[in-house]
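Down below is the structure, laid out as structure tokens.
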Amino acid sequence: MNACLFCKIVKKEIPAKVVFESDDILAFYDVNPQAPVHILLIPKRHRENLLALQKNEDHLFLDEMVTAVKQIVRDRNIDVKGFRLVANTGPDGGQTVSHLHFHLLGGRSMTWPPG
Ligand code: 5GP
Ligand code: ZN
């Protein structure tokens with residue numbers, strides 16, 4: 001867990017462009033953006049992915065995360081035209097950092113299906 005990249009970002013051991021912070025969650029710009037707006041939202045406490053969440057206790061931060069997403073997209077004027085929220089999970093899901101994160105992508109028209 002100590003070697004976890006996103007835990008290091010939470011502890012400010014690695015710099016990140018933070019856009020939103022609360023007691024439980026952190027949102028910051030992706031270092032390798034795939035869209036004009038590409039922000040990662042993470043729980044501050046390490047959890048590997050969605051499957052590692054325990055009902056009730058762990059689900060509370062998801063409510064906060066939805067509130068953060070709404071604020072972030074409104075602030076950046078991508079609420080009306082739309083955006084994409086993605087949680088790559090596990091090897092087949094394309095997850096490369098084993099700390100739960102949601103990609104918030106916007107500012108351009110997205111295609112479907114994803115690669
Ligand atoms: P995944 O591939 O696990 O769904 O997403 C991991 C994301 O973390 C990638 O989009 C990648 O660009 C981003 N990332 C990797 N290392 C860093 C870093 O040091 N800082 C920031 N801000 N993003 C990172
Ligand atoms: Zn972590």
>> Could you check the range 52-71 and list, in sequence order, the residues that are without any contact (Cβ under 8 Å) to a residue 24 or more places away in the chain, of a type in the set (D, E, K, R) and open to solvent by less than 70 Å² (accessible area, probe 1.4 Å)?
In response: 58
>> Within the range 42-51, does at least one residue satisfy the condition of being loosely packed, with under 13 Cβ neighbours inside 10 Å and without any contact (Cβ under 8 Å) to a residue 24 or more places away in the chain?
In response: no
>> Can you list residue pairs whose Cβ atoms sit under 8 Å apart, with the first residue in the range 1-16 being at pLDDT 95 or above and the second being of a type in the set (S, T, N, Q)? Count only pairs 6 or more apart in sequence or on different chains.
In response: 4/98
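Show me the helices (runs of 4 or more DSSP H) entirely contained within the chain in which 3 or more residues are within 16 Å of ligand 2 (Cβ to nearest atom) and on the phi < 0 side of the Ramachandran plot. Working first, answer last.
Numbers: elements: 5-10, 60-75, 90-93.
It comes to 5-10.
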> Which condition does residue 104 not pass, out of (1) within 16 Å of ligand 1 (Cβ to nearest atom); (2) more than 22 Å from residue 5 (Cα to Cα), if it passes all the others?
Replying inline: (2)
> Scanning the range 83-101 for residues that are farther than 20 Å from residue 9 by Cα and small (Gly, Ala, Ser), which turns out farthest from ligand 1 (Cβ to nearest atom)?
Replying inline: 90
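The rows are residues; the columns are (1) open to solvent by less than 100 Å² (accessible area, probe 1.4 Å); (2) farther than 22 Å from residue 114 by Cβ.
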position	(1), (2)
10	yes, yes
16	yes, yes
38	yes, no
73	yes, no
81	no, no
87	yes, no
91	no, no
95	yes, no
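The values are calculated or read from the model by the stated rules, or taken from the named source; none is laboratory data. Everything numeric in this text was worked out from a predicted model, so none of it was measured. Positions of Cβ are backbone-derived with ideal geometry, glycine not excepted, and every protein chain shown enters the neighbour counts. Note: areas computed on protein heavy atoms with side chains; ligands, DNA, RNA excluded. Shrake-Rupley method; radii C 1.70, N 1.55, O 1.52, S 1.80 Å.
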